[in-house]
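Trainee: Pasting a structure below so you can have a look.
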Amino acid sequence: MTALILDGKALAHKTETELATRVAAIKASSGVTPILATILVGDDPASATYVKMKGNACTRIGMDSLKVELPKDTTTTQLLAKIRELNANPAVHGILLQHPVPHQIDERSCFDEIALNKDVDGVTCLGFGRMAMGEAAYGCATPKGIMRLLEAFDIPLAGKHAVVVGRSPILGKPMALMLLNANATVTICHSKTVGLEDHIRRADIVVGAVGKPEFIRAEWIKDGAVVVDAGYHPGGVGDIELGPLMNRAAAITPVPGGVGPMTINTLIYQTVDAGEKSLQTS
Ligand code: NAP
């Protein structure tokens, strides 16, 4: 069996073409250009690169980005004030607070200050709760990107046993709830899980969201499974040992080019949606 490659890069590229058309329609009908505000606190090079990539994606589809850069000694109070300012700015349609923020900042409070209608990265507790209950809310960008990728390739989820390894607020937890809402039977594993390998061996769908290079071994994964790898590490490997699975899995997200492009794509996809909705309510 040769694994189907769930090519996130190609899907993101195709979707950008559609998004550019929608942005052009917004501009033509209202004269408004949708804007994503990006907030970068501190000088972490990886975070700076991610923010730049998100700004570039906005440019490619004709949107604008408003880049907010704050010093690394920014306080929680200062960041909250900036987020409130962006919430109140009608020209801003989406707000991205780049994770992680410096340790002195209460990241959860700051995420939760983002207005629900501008939470296009899907990081607020309110958005998470609404998503979990099946109510309208923007999905957390990485797991939502994975769901969009699985849907685009018609990967069946209902009745399947999905094992999500990782339970972070921005990835593992929302991933598990999204799969549950799609009628998968979900097991969530984490650092205190006993018998991790046994759980993974029973999975029809495995999501690796651990943050450790090739931590999930190919031999733990059964033939014919769908393998989703959210990780990306130096050397171009993810959280799952993908090589030996290319001839055994039913489908695989490549690293790079699988989940990563879909994260940014989902962020801009949801920002375009927020831009359209703001016109309907104005
Ligand atoms: P994180 O916050 O560090 O969470 C890692 C999770 O893995 C935690 O829930 C942790 O469990 C669990 N874990 C750690 N060691 C484990 C072990 N030995 N056995 C089982 N579970 C274990 O990481 P994250 O932000 O969710 O990111 C996860 C991965 O996704 C990383 O590789 C990251 O680079 C990648 N990522 C990619 C994108 C993208 O756009 N492509 C976006 C975000 C993240 P505990 O909760 O018990 O500590």
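The values are calculated or read from the model by the stated rules, or taken from the named source; none is laboratory data. It should be emphasised that the depicted structure is a prediction, and the values quoted were computed from it without experimental measurement. Don't worry about glycine lacking a Cβ; one is built from the backbone with ideal geometry, like all the others, and counts go over all protein chains shown.
Trainee: In segment 131-147, how many are surrounded by fewer than 19 Cβ atoms within 10 Å (Cβ to Cβ) and under 18 Å from Thr271 (Cβ atoms)?
Mentor: Counting residues in segment 131-147 that are surrounded by fewer than 19 Cβ atoms within 10 Å (Cβ to Cβ) and under 18 Å from Thr271 (Cβ atoms) gives 1.
Trainee: Let me ask you something else. Regarding segment 101-109, can at least one residue be identified that is under 19 Å from Lys67 (Cα atoms), in contact (Cβ under 8 Å) with a residue 24 or more places away in the chain and not hydroxyl-bearing (Ser, Thr, Tyr)?
Mentor: yes
Trainee: Please indicate, with yes or no, whether at least one residue in segment 111-131 is of a type in the set (S, T, N, Q) and within 16 Å of the ligand (Cβ to nearest atom).
Mentor: No, segment 111-131 has no match at all.
Here's the yes/no breakdown for (1) of a type in the set (Asp, Glu); (2) more than 13 Å from Val228 (Cβ to Cβ):
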{"position": "Leu171", "(1), (2)": "no, no"}
{"position": "Leu180", "(1), (2)": "no, yes"}
{"position": "Ser191", "(1), (2)": "no, yes"}
{"position": "Gly195", "(1), (2)": "no, yes"}
{"position": "Ile200", "(1), (2)": "no, no"}
{"position": "Asp204", "(1), (2)": "yes, no"}
{"position": "Lys212", "(1), (2)": "no, yes"}
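Trainee: Looking at (1) more than 16 Å from the ligand (Cβ to nearest atom); (2) within 21 Å of Tyr50 (Cα to Cα), find the lone condition where Ser278 falls short.
Mentor: (2)
Trainee: Can you name the condition, by its number, that Leu86 falls short on among (1) more than 23 Å from Thr281 (Cβ to Cβ); (2) surrounded by 17 or more Cβ atoms within 10 Å (Cβ to Cβ)?
Mentor: Just one mismatch for Leu86, condition (1).
Trainee: Go through segment 57-88 residue by residue and tally those that are in contact (Cβ under 8 Å) with a residue 12 or more places away in the chain and not in a strand (DSSP E or B).
Mentor: 19
Trainee: While we're on this one: Looking only at segment 226-266, count every residue that is in a strand (DSSP E or B) and acidic (Asp, Glu) and tell me the total.
Mentor: Of the residues in that region, 1 qualify.
Trainee: Does segment 214-227 include one or more residues that are within 11 Å of the ligand (Cβ to nearest atom), buried (at least 23 other Cβ atoms within 10 Å of the Cβ) and under 18 Å from the mean Cα position of the chain (by Cα)?
Mentor: No; the residues of segment 214-227 include none that is within 11 Å of the ligand (Cβ to nearest atom), buried (at least 23 other Cβ atoms within 10 Å of the Cβ) and under 18 Å from the mean Cα position of the chain (by Cα).
Trainee: Test His99 against the criterion of being over 30 Å from Ala3 (Cα atoms) and within 16 Å of the ligand (Cβ to nearest atom), and give yes or no.
Mentor: yes
Trainee: Test Leu96 against the stated conditions and say whether it is free of Cβ contacts under 8 Å to residues at least 60 places away in the same chain, outside any loop (DSSP other than H, G, I, E, B), in contact with an Asp or Glu (Cβ under 8 Å, 6 or more places away or on another chain) and within 22 Å of Ile264 (Cα to Cα).
Mentor: So Leu96 does not fit the description; no.
Trainee: Does segment 30-56 hold any residues that are of a type in the set (Ser, Thr, Tyr) and either under 17 Å from the mean Cα position of the chain (by Cα) or outside any helix (DSSP H, G or I) (or both), and which are they?
Mentor: Thr33, Thr38, Ser47, Thr49, Tyr50 - these are the residues of segment 30-56 that are of a type in the set (Ser, Thr, Tyr) and either under 17 Å from the mean Cα position of the chain (by Cα) or outside any helix (DSSP H, G or I) (or both).
Trainee: Of all residues in segment 238-281, which are polar (S, T, N, Q), over 21 Å from the mean Cα position of the chain (by Cα) and in the same structural domain as Val207 (by TED's automatic domain parsing)?
Mentor: Scanning segment 238-281 gives a single hit, Asn247.
Trainee: Give the residues of segment 132-187 that are among the basic types (Lys, Arg), within 18 Å of Val259 (Cβ to Cβ) and either assigned to a helix (DSSP H, G or I) or more than 14 Å from the ligand (Cβ to nearest atom) (or both), sorted by residue number.
Mentor: Lys144, Arg148, Lys173 - these are the residues of segment 132-187 that are among the basic types (Lys, Arg), within 18 Å of Val259 (Cβ to Cβ) and either assigned to a helix (DSSP H, G or I) or more than 14 Å from the ligand (Cβ to nearest atom) (or both).
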